[in-house]
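Read the structure below first, then the notes.
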Amino acid sequence: MQLFPEIHQLMRSPLDFTHILDEIPLGILLMDRDLRVVHLNRYFHALTGFSLDMARGIPCRNILRSSACIINCPILATHCKDRSISCTSDIINTDRQKLPVRITTAQIVDNQGHFTGYMETIEDLRSSATNDPEKNVAYSFANIIGRSRKMEIIFQTLPMLAQSDASILITGETGTGKDLVAEAVHQTSQRAGGPFIKINCGALPETLLESEIFGHMKGAFTGAVENKPGRFKLAHNGTIFLTEIGDLPLPLQVKLLTFLDDRIIYPLGATKGFNANVRIIAATHRDLEYMVSIGKFRKDLLFRLNVARVHLPPLRERGEDIRLLLDYFLNHYTKKQNKKINGFSEPVLAVLLNYTYEGNIRELKNIMEYAVNVAQGTRIEAENLPAYILDHEPVQRVSNIPAAQDLCDTKPREPRSCAAPSEPDESGQTWSSVQRQMIMDALKTSRGKKNKTAQILGMSRSTLWRKIKEFQIE
């Protein structure tokens, strides 16, 4: 049974109250006097991930999950000031993301002026969060950082793509930031006020994935006890981000292709479609052209998605961006952990600049988070790095400047070949000389004690002995 299913005497014919709330581009939450949820709109569902069926009867603090609920509940403040209250805070959605929001709370009264409940509106502030000093850095677009030639080309292209509604296909190795690019395009587009809905095409089995994407009607299959809006409907007037599109099963590729042709979705068991106004952004680390050749991906769907392609280069091809990202994440985690770390020791910096980063930016970020957490001094030292990095052979950075058309390559580039470990880097040092110096520094610190030296360097005692013999350290 719906709450307030119709509004009478406002127009010539009764109005669907639920439909009106669903068309408002703000999250709306209605609560009773005990602060329990009685209704929410489609935008709130898209923003938080909580449906009405999941939230009904639950205390609002367990649905909003906002720091304002703990520090200074805006609902309680309405009793003191007898007017609507607005505050800037955050919420945590079902994907465990913390989102900046503006919460406005007001009391609801009936025709006789008696207090009956509360209404809260939730405004997504991600598109206007431009005053964050961490994001207002040079050489950046939205929340993407880089100053290499390849990234400059991407930064010049993304604003133009953001202002169109063309489908975008983002390619690149895992960890290169495809999700960040998709969200940056949405937040700088005219759809920034609408929902940004992410669907991982490889995260769910085919039977559940179809219902998750397109929705279903009550009774469509065993267990479908009520109507469920799909992600496409939740993203109405916003953006759908299909990550890992290469893992989408072939039957769903056909249904997605049909939607791209007529822009109408048909939930499972429905006879009437819904015209969804959404923009499609897809991403993959797979070679879709090869998948087409072996029959794993539809060629016509690739054509529909590949209106504009953005290829993100791996970190090993971004040269100077590595130092920029190291400094950025060092500053980020230093502030987050409330530590005073001023930089890197020279041997550590040489290691980090010559590391291959097979996990790309995601791996670099994880390394810095670990190093800052375990660091005790004012600099990042060798013992603060994960042990596996110290035994890794470096890769020579790619220095050739790409042509502008590299951005629209039809096939992701293969990794470049690695240089020999003895080849000098830009500072004239070789990897062998860097490792030798690190071992000598650790031996001095431990006063020649091999066990202590191995602990400092994060390597086994046998590896240390082998390195001492290899580098002829007396």
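The values are calculated or read from the model by the stated rules, or taken from the named source; none is laboratory data. Nothing here was measured: the structure is a model prediction, and the numbers come from that model. Quick reminder, even Gly has a Cβ in these numbers, built from the backbone with ideal geometry, and neighbours come from all protein chains shown. Heavy atoms of the whole protein, side chains included, go into the accessibility calculation; ligands, DNA and RNA do not. Shrake-Rupley method; radii C 1.70, N 1.55, O 1.52, S 1.80 Å.
Structure summary
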read-out: Dipole in debye (nearest 20) - the range 22-82, about Cα centre, beta carbon charges: Lys, Arg +1; Asp, Glu -1; value: 200
read-out: Qualifying trypsin sites (Lys or Arg not before Pro) for the range 311-340 [loop in DSSP, other Cβ within 10 Å: at most 16]; value: Lys339, Lys340
read-out: In Å, descending, principal axis extents of the Cα set of the range 281-356; value: 54, 25, 19
read-out: Percent of Cα-Cα distances greater than 33 Å, calculated over the chain; value: 50
read-out: Dipole of the chain [Lys/Arg +1, Asp/Glu -1 at C-beta], most positive-end residue of Tyr357, Leu443, Gly27; value: Leu443
read-out: Span per principal axis, largest first, for the Cα atoms of the range 91-130 (Å); value: 43, 23, 8
read-out: Stokes-Einstein diffusion coefficient of the range 232-285, Kirkwood radius over Cα pairs, 25 °C, 0.890 mPa s, in µm²/s; value: 207
read-out: Kirkwood Rh, Cα atoms: Rg over Rh of the range 49-116; value: 1.01
read-out: Note, ³J(HN,Hα) from phi for the range 90-97, Karplus 6.51, -1.76, 1.60, rounded to Hz, x at Gly and Pro; value: 8, 9, 10, 7, 5, 8, 6, 9
read-out: Of all accessible heavy-atom area on the chain, the percent that carbon and sulfur account for (1.4 Å); value: 51
read-out: Phi to ³J(HN,Hα) by Karplus 6.51 cos²θ - 1.76 cosθ + 1.60 over the range 255-263, Hz, x for Gly, Pro; value: 5, 5, 4, 4, 5, 5, 7, 10, 6
read-out: Accessible surface, 1.4 Å probe, highest first, among residues Lys450, Lys299, Lys150; value: Lys299, Lys450, Lys150
read-out: Whole-number accessible area per residue in Å² for the chain, which is evaluated in the context of all protein chains at 1.4 Å; value: 52
read-out: Environment charge at Gly273 (Cβ cut-off 13 Å; Lys +1, Arg +1, Asp -1, Glu -1); value: +2
read-out: Extreme residue, positive dipole direction of the range 167-240, given options Val181, Cys201, Asn227 (C-beta unit charges); value: Asn227
read-out: Residue-averaged [θ]222 nm for the chain, counting only DSSP H segments that reach four residues, each worth -39500 (n - 2.57); value: -10500 deg cm²/dmol
read-out: Rg over Rh [alpha-carbon atoms, Kirkwood Rh] for the range 228-379; value: 1.15
read-out: Point-charge dipole on Cβ atoms (K/R +1, D/E -1) for the chain, about Cα centre, debye to 20; value: 880
read-out: For the range 1-115, size of Cβ-based charge dipole, Lys and Arg +1, Asp and Glu -1, in debye; value: 380
read-out: Descending Cα extents along the principal axes, the range 201-312, whole Å; value: 41, 28, 21
read-out: Phi-based couplings in Hz for the range 61-72 (Karplus 6.51, -1.76, 1.60; Gly and Pro marked x); value: 5, 7, 9, 5, 6, 10, 5, 5, 5, 8, 7, 8
